[in-house]
1. Just the number, please: Stokes-Einstein D of the chain in µm²/s, Kirkwood Rh from C-alpha pairs, 10 °C, 1.306 mPa s.
2. Once ligands and nucleic acids are excluded and a 1.4 Å probe is used, how much of LEU58 is accessible, expressed in Å² to the nearest 10?
3. Once the whole set of protein chains is in place, how much accessible area is left on ARG235, using a 1.4 Å probe, in Å² to the nearest 10?
4. Please list HIS149, HIS27, HIS70 from largest to smallest accessible area, probe radius 1.4 Å, with all protein chains kept in place.
5. Let me know the charge dipole size of segment 36-112 about its Cα centre in debye, to the nearest 20, where only the beta-carbon of Lys, Arg (+1) and Asp, Glu (-1) is charged.
6. About its Cα centre, what dipole magnitude does the chain give when the only charges are +1 on Lys and Arg Cβ and -1 on Asp and Glu Cβ, stated in debye to the nearest 20?
7. Which of GLY311, GLY334, GLY239 moves the most in a Gaussian network model of the chain with Cα springs under 10 Å?
8. Once the Cα atoms of helix 74-84 and of the chain are each reduced to a long axis, what angle between those two axes, in degrees from 0 to 90 to the nearest 10, is obtained?
Amino acid sequence: MNDHSGAAAAWTPTNSRRLRVALVRLHRWLGLSLGILLVVIGLTGSFVVFYREIDAALNPSLYIPAGPQHRLKAAEVMRIAAIADQAPIRSVIAPDRTWPVWIVMHSHATEKGQYPNLWTTMIDPSNGRVLGRRDYTNCFAFTVYRMHHNLLLYDWWGHELVGAIGFLLLGMACSGLYLWWRERARFWRSVSIRRHVSAQRLMRDLHNTAGFWSLPLLALIAVTGIGIVFPSVIRPLVGLVSTADPDPSPIIKSSLSNEATRLSADAMVLAARTAKPGYEIAQLTPPNERRNTWRILLRPPGSDPALRTRGAIWLDPWTGALTHDRTPDSMSLGDRYMTGQLWLHNGSAFGLLGRLLVFATGFVPLILFVTSFQIWRWRRAAKNRTCAIV
């Protein structure tokens, strides 16, 4: 009892004020010095929420098929794509409502340390015509995506930097909540924008209101962003609640030789539909240098194309047998969270409303940065006037 009483007595109002002053300074200077990076990541994140729709709108000739029929099968699509581009096929994206054409992604030779040199071939599903080819890595929409993903610093640990900024965003959200908390007795006044007030008061109201009402989504975006960049950091924490295993890249040992004839893409599609009849096929990834199995990405039937996948299965390339299953009905809660972080991060897990909310939240760092910068300018000007008078 005495020890606890002594500890309580040691924490005085003076200590509380000192903590608050220190947090105010840390919150302010982190925001002013690194806020511009948060603004860039936030605005590009808003773009990324709808980047497929934006890309289709900017390049209609690549995404408008001649008719609604889907006559082509996967093997024929890969054959046509291989003629148009001899580079190895990395993946095949099936048509959906947003991109209603077959999209075949090719891996071209890439200089060491550079972002993978990806090209895409768009194929009309109704007649097999090649609608176009392009440098996907450097196209406008994907460049903005890469800016959000790694600030275009792929060879300078950009991806890890974005993850570190996620920690910064989470810390600033928590410190901002703590600093706001003393206003809780005047709750609505402290989280609303008042009319007929001074410009200084308006800036403060905008800062507090935007920060408070966006706090849950900012925290969710920060936590899932950290998990996407640093899954090994988040997985043990998730594992405290439910099993969370690392994503596999299975290699199987077959009784057949590597030279044995492998099944076609059409056979893989049939095997996937047989193994998982309740799903639609979103993407096919052929065997590559890291694994000798087919990876098939799946999504629920009729789902919003923004929810690109809801799990994956891996198939034996010689027999079509299911070798590994990572769909929701076969995963633990922890595994489902780890594989679904991206869809939480961009809001698509909650449908169009979720995407719109995340889109709007991407503008919050800009509001917070502009208002905090203006408040700082006014304070600095006032301090300089006081010094001049003295």
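1. Numbers: Rh = 24.3 Å.
The diffusion coefficient I find is 65 µm²/s.
2. Using a 1.4 Å probe on the heavy atoms, I get roughly 100 Å².
3. Rounded to the nearest 10, the figure is 40 Å².
4. Numbers: HIS149 65, HIS27 45, HIS70 120 Å².
Largest accessible area first, the list is HIS70, HIS149, HIS27.
5. Details: 7 positive and 6 negative charges, 43 e Å.
Here segment 36-112 has a charge dipole of around 200 debye.
6. Numbers: 43 positive and 24 negative charges, 428 e Å.
Taking the Cα centre of the chain as origin, the dipole is about 2060 debye.
7. The residue that fluctuates most here is GLY239.
8. Approximately 80 degrees, to the nearest 10.
The values are calculated or read from the model by the stated rules, or taken from the named source; none is laboratory data. Keep in mind the model is a prediction, meaning the values are calculated, not measured. Neighbour counts are summed over all protein chains in view; Cβ atoms, including those assigned to glycine, are modelled from backbone coordinates with ideal geometry. All accessible areas refer to the heavy atoms of the entire protein, side chains included, with ligands and DNA or RNA removed. Shrake-Rupley method; radii C 1.70, N 1.55, O 1.52, S 1.80 Å.
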